[in-house]
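Working notes, beginning with the structure itself.
Computed from the coordinates by the stated procedures, all read-outs in this text should not be read as laboratory data. All of these numbers come straight from a predicted model, not from anything done at the bench. Cβ atoms come from the backbone with ideal geometry, glycine included; neighbour counts cover every protein chain shown.
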Amino acid sequence: MAVQEGTEDVYASLLLTDTYLPGALVLAHSLRDAGTTKKLAILITPDTVSKEVINQLKTVYDYVIPVERVRNERPANLFLMNRPDLHSAFTKIALWKQTQFRKIVYIDADVVAYRAPDELFHLPHSFSAAPDIGWPDLFNTGVMALTPNMGDYYALSAMAERGISFDGADQGLLNMHFRNTYNRLSFSYNVTPSAHYQYVPAYRHLSSSISMVHFIGSEKPWVQGRQASTTGTPFDEMVGRWWAVYDRHYRRSNTSTPPPEIVQYFVKGEYNPTTTYVVPVGEPADKTVKSESWDASRHSPPIDSGPEAANFPQAHYNMSSDATPYVASAEYLPERDRPTPIFPWEANQPKPTRVFPERPLDPVPPKSPQTPRITQTSQLSTPATGTLSVHPAPSAGGNTWTNAWDEVPQINRYVETVSSKHQRTRSQGLGVVSSTAEEESKISKVTDFPSEEDRPSLPVTPAPVGRLATGVDESELPAADGVPEQAEWDPSARLDNLARQHLEAFELLKKLSSGGSQPDETIGVHHREIPSRPLPFGSENVKSPTYVPFSPPNVVSPQPVKPPSTTTGVPPAIRVLAGSPDVLPSASSSSPLGISPPSYQGPGPAFEKGEP
Ligand SMILES: O=c1ccn([C@@H]2O[C@H](COP(=O)(O)OP(=O)(O)O[C@H]3O[C@H](CO)[C@@H](O)[C@H](O)[C@H]3O)[C@@H](O)[C@H]2O)c(=O)[nH]1
Ligand SMILES: [Mn+2]
């Protein structure tokens, strides 16, 4: 019996899951909108595609063809391209079994047609495909023009059964089977845009020739949502073309009848379900409220929904406004009974010898003649320590306190001089003077003095005199006793005097220690007895070239000195140490003591090239 050959040409696609429904619909509409005269067919796997979805497909596809799902039982290679979802892509080989068709132009469900490539049906080749953008020597299996035949089908299903595919899916399998026989189509039949790389000049140059655009990868336009691309790149332009077809057929404002919810459900941002009654969790059934069911895992909240935060429980926590200090109740403060003594030193504790004031100092001691009142600038007091400037006077005892400096007579005399002058100035009516005693104390008084009978001498603090209040000119202040005038103070003369005294003392010491027998000896230089031991043979009477007899006091610090040409032949360091007057800095001559020669003698700037 002769096998009946197909006579019809169809565009065919594939739907393995409901989630690709928007893609399959947009593809069909794009071909129809482009005016194709060919029929549209779609292969579906009934075990994984719902009835509602099939019904939707039937609205645009002429043929919805159920096929058996072919699963890759060795899906390891699918993980190489991170697409485990393509476990049933082998189902695509069922195309070769559709021998009721003469020619099939197969198109993936993630393709949008800019124009209907009907010319592909006229190709003489039994298999044609366009290059894959990831590896252009291979072909992409998203667009294929093929002649169904059982020969290829058996061969392909045998490979599929064994899981023979370098990528674990149909593309790997078909490239292995058709690698030497395929007819290469122009890329314009299967343009695969990339958000990461796009050959923009080529796109500009050739975009008018694009027949179909294929959104490879897992991020399909309906998965990404309408707002995903707005940057105006070629990629965004192509995504925009997909949305243009979708909107033309499924956007609410463009259609006379409401678009099918099942389609919107699989398009990100599109699902806006009709109002239903739901019972919120935890509410009694009779308190049913009108609310919209909303799948938050898939869609943004309904436009007319209320803010959710309004339902949060409200709680206010106020700071305590009670100003009274906390006092623990008595039960928390039990009277601490001392434990009965065990050790002898506990029973016979010595009485403390250190004496403390009977009561702690008040932060501001009361005004009394016995206790100096610390006011204004002296308020560095704390309850525990009293003031920093006050200590108990050993003679006064009791509660009488004085300042430490009150016992320095020089200070007292100075203050007396100042205060008497101050009195004169005031009596002459100079400066701004407060009229009442109270105001005066506010301006210039720092310390309240003890009464006349309590103080041994005039115990005062050298209080800062308010210049504004008293009008005292600082230049008029008398100098303190024993302090020379600034003009008499000549530091260099004083230094000279000190040096002279030092030298005299040194000479005296020298005489005393040497007893006058060795005038060349120098005090201050350590002398060590060199132990006598036989020198190596031939070493007798040999002197080290660096040996220098010590000759104080004309020794200077080892400064590098360039000698005059007349003294050549003697090492510069030796010349300096020997005290040649022409090389000695004059300032060093005042030094009374010799300085030990440095152990390291050069080379330094004093050594010139070629010098001995
Ligand atoms: O969950 C799924 C997955 C796939 N498909 C169908 O199978 C096709 C292939 O899957 P797709 O996501 O488009 O794969 P691509 O990202 O395009 O990946 C490449 O690799 C696949 C596996 O080799 C090939 O099938 C593709 O043609 C090729 O472009 C889809 O278009 C659909 O028609 C579904 O219906 N549901
Ligand atoms: Mn695809």
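With +1 on each Lys and Arg Cβ and -1 on each Asp and Glu Cβ, how big is the dipole of segment 57-152 about its Cα centre, in debye rounded to the nearest 20? Kindly include the intermediate steps, with their values, before the conclusion.
Working: 10 positive and 11 negative charges, 56 e Å.
In debye, rounded to 20, segment 57-152 gives about 260.
What is the packing order of peptides 171-183, 17-29, 96-108, 147-159, taking the mean over residues of other C-beta atoms within 10 Å and listing the highest first?
Values: 171-183: 17.9, 17-29: 23.5, 96-108: 20.9, 147-159: 16.4.
Answer by packing, highest mean first, reads 17-29, 96-108, 171-183, 147-159.
Sorted by average packing, counted as other Cβ atoms within 10 angstrom per residue and highest first, what order do 492-501, 414-423, 247-256 take? List each step's numbers first, then the result.
On the way: 492-501: 10.5, 414-423: 14.9, 247-256: 12.8.
The most tightly packed comes first, giving 414-423, 247-256, 492-501.
Tell me, in nm to one decimal, what length is gained between S218 and E73 on full extension, where the rule is 0.36 nm per residue of separation less the Cα-Cα distance?
Full extension from S218 to E73 adds 50.1 nm.
Can you give the FRET efficiency to the nearest 0.05 for A195 and H125, using r as the Cβ-Cβ distance and R₀ = 25 Å? Let's see the in-between values first.
Numbers: r = 33 Å, r/R0 = 1.31.
Result of the calculation: an efficiency of 0.15.
Could you work out how much longer the chain between T231 and R500 gets when fully extended? Use 0.36 nm per residue separation minus the Cα distance between them, nm to one decimal. Provide the component values of the computation, followed by the final result.
Values: separation 269, 0.36 × 269 = 96.84 nm, distance 9.19 nm.
The span from T231 to R500 would gain 87.6 nm if fully extended.
For D247 paired with T59, estimate the spin-label separation in nm (one decimal), with each label point 7 Å from Cα along the Cα-to-Cβ line.
Here the modelled spin labels are 1.9 nm apart.
Given a cut-off of 22 Å, name the pairs among K38/K92; K38/K103; K92/K268; K39/K92 whose C-alpha atoms lie farther apart than that in the structure shown. Don't skip to the answer; put the middle values down first.
Working: K38/K92 20 Å; K38/K103 11 Å; K92/K268 27 Å; K39/K92 19 Å.
As for pairs spanning more than 22 Å Cα to Cα, those are K92/K268.
Count the net charge of all other residues whose Cβ sits under 15 Å from the Cβ of S208, scoring Lys and Arg as +1 and Asp and Glu as -1. Could the numbers behind the result be given before it?
Numbers: positive: R115, R204, R241; negative: E237.
So the surrounding residues net to +2.
Could you order peptides 6-13, 213-220, 317-324 by the average number of other Cβ atoms within 10 Å of their residues, highest first?
My ranking of the peptides, most packed first, is 6-13, 213-220, 317-324.
Nearest 0.05, what FRET efficiency do R102 and A34 give at R0 = 22 Å with Cβ-Cβ as r?
The pair R102/A34 has a calculated efficiency of 0.55.
How large is the charge dipole for segment 117-199, taken about the Cα centre, if only the Cβ atoms of Lys, Arg (+1) and Asp, Glu (-1) carry charge, to the nearest 20 debye? Present the calculation step by step, with values, prior to reporting the outcome.
Numbers: 3 positive and 8 negative charges, 28 e Å.
Computed about the Cα centre, the dipole is about 140 debye.
Suppose each label sits 7 Å from its Cα in the direction of the beta carbon; what would the T324-D481 distance come out to in nanometres?
6.3 nm
Step through the residues of segment 177-183 one at a time and calculate ³J(HN,Hα) from phi using the Karplus curve (6.51 cos²θ - 1.76 cosθ + 1.60, θ = phi - 60°), rounding each to whole Hz and writing x for Gly and Pro.
Result, rounded to whole Hz: 6, 9, 4, 9, 10, 6, 9.
Quick one: net charge of T255's neighbours, Cβ under 15 Å, K/R +1, D/E -1?
On the way: positive: R248, R251, R252; negative: D33, D247, E261, E270.
Here the count lands on -1.
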